[in-house]
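The structure under discussion appears below in the form of C-alpha cells.
Only the coordinates and a few stated rules stand behind these numbers; no lab work does. From a predicted model like this one, the values you see are computed outputs, not experimental measurements. FYI the Cβ positions are ideal-geometry reconstructions off the backbone, even for glycines, and counts take in every protein chain you see.
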Amino acid sequence: MSSQETVKYEEMSSFFNERAVGYEAHMRDTVNSFETYYNLISCSIEETDKEVEILDLGCGTGLEIEGIFKKAPNARITCIDMSEQMLEILLEKYKSKKNQINIIKDSYLTHSFGVKSYDYVISVMTMHHFIYDEKKKLYEKIRSAVKDGGRYIEGDYVVSQENEEKWLKEYYKAYEKFGLEAGKLYHIDIPFSIETQKKLFNEAGFAKFELVFKEGEHTIYFVE
C-alpha cells in the first residue's frame, strides 16, 4: 500500500465508481496469489445444495462469488455496496444466477442486517477503511446477523502492530491537514494487525478465530 501522503482523498462511493471498470485487473495485480486467495474465501463454507443465506459486505464486482456458488450452488446471496457501477458489473457477470442475488446499494455501516438472518457473512478487501470503534460496532452487528452455527469470513489487509500505529496516525493527520468533512466516508486505508483483529472479534462476541491464509499483507480468517 502506498503512503497516505500521495493519495487524493475521495468519498468512498465516488472512488469506486470511477474505478469499477479496471477494479478486477487492479486486484489481480495487487493481491498476492490472486486465484488462490479468492478461491480460499469460500473454503470455510460447507459444501451444500441447500439454499443457505449469505451476506456479502462491500461486494464490489463479486470476485468471491464464483467460489461461493461452487460450494453452495443454491445459495442466496445479499450483496451490499455503495458503488452502483460495481454492482452493475456484478449483475452482468452473474446474470444466470440473478434470481439468487439480492443487490443493495447502500453503506453496510448503516444498513440493517437483521438478527440471525445469515448462515455466512463475508467481506473481502473492504474492512481496512475504519477506525477501531467503527469496526467494533460493525462486528457486533455482524455477530447479531449470523445464525447459530454460522460464521463470519473476512479477507483483508493486515500489517504489523508498528505499521498499524503509523497508518492510524496518517488517518487522523489526513482529516486535519486536508480538512475532510466529519461524518463522510472517505477512501482511506487504516489496516490493523492480526492481534488487533483478534481483540476486536473477541470484544464483539466471537469466541473462535481461525487464520486460513496469510501471504504478505493479505489474509483470510473466519470467526464464530
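Annotation note: Cβ proximity below 6 Å between a residue of the stretch 196-218 that is free of Cβ contacts under 8 Å to residues at least 60 places away in the same chain and among the aliphatic types (A, V, I, L, M) and a residue that is outside any helix (DSSP H, G or I) and buried (at least 17 other Cβ atoms within 10 Å of the Cβ) (sequence gap 6+ or interchain) occurs for L211/Y221.
Taking into account only those residues within the stretch 161-187 that are loosely packed, with under 12 Cβ neighbours inside 10 Å and basic (K, R), which is farthest from the chain's Cα centre (by Cα)? Checked the stretch 161-187; the qualifying residue farthest from the chain's Cα centre (by Cα) is K169. Taking (1) under 23 Å from L55 (Cβ atoms); (2) free of Cβ contacts under 8 Å to residues at least 24 places away in the same chain in turn, K169 satisfies each apart from (1). Within the stretch 44-66, is there a residue that is surrounded by fewer than 21 Cβ atoms within 10 Å (Cβ to Cβ), assigned to a loop (DSSP other than H, G, I, E, B) and within 16 Å of the chain's Cα centre (by Cα)? The answer is yes; a qualifying residue exists. Per the conditions (1) crowded, with 16+ Cβ neighbours inside 10 Å; (2) hydrophobic (A, V, I, L, M, F, W, C); (3) free of Cβ contacts under 8 Å to residues at least 12 places away in the same chain, the sole criterion not satisfied by V31 is (3).
Candidates in the stretch 131-140 are the residues that are surrounded by fewer than 19 Cβ atoms within 10 Å (Cβ to Cβ) and of a type outside the set (V, I, T); of these, the one that is nearest to I190 (Cα to Cα) is Y132.
I'd like the full set of residues that are in a helix (DSSP H, G or I) and among the small types (G, A, S), limited to the stretch 71-98.
Here is the first cut: in the stretch 71-98, the ones in a helix (DSSP H, G or I) are 71, 84-93, 95-98.
If the condition is that a residue be in a helix (DSSP H, G or I) and among the small types (G, A, S), then S96 is the only one that fits.
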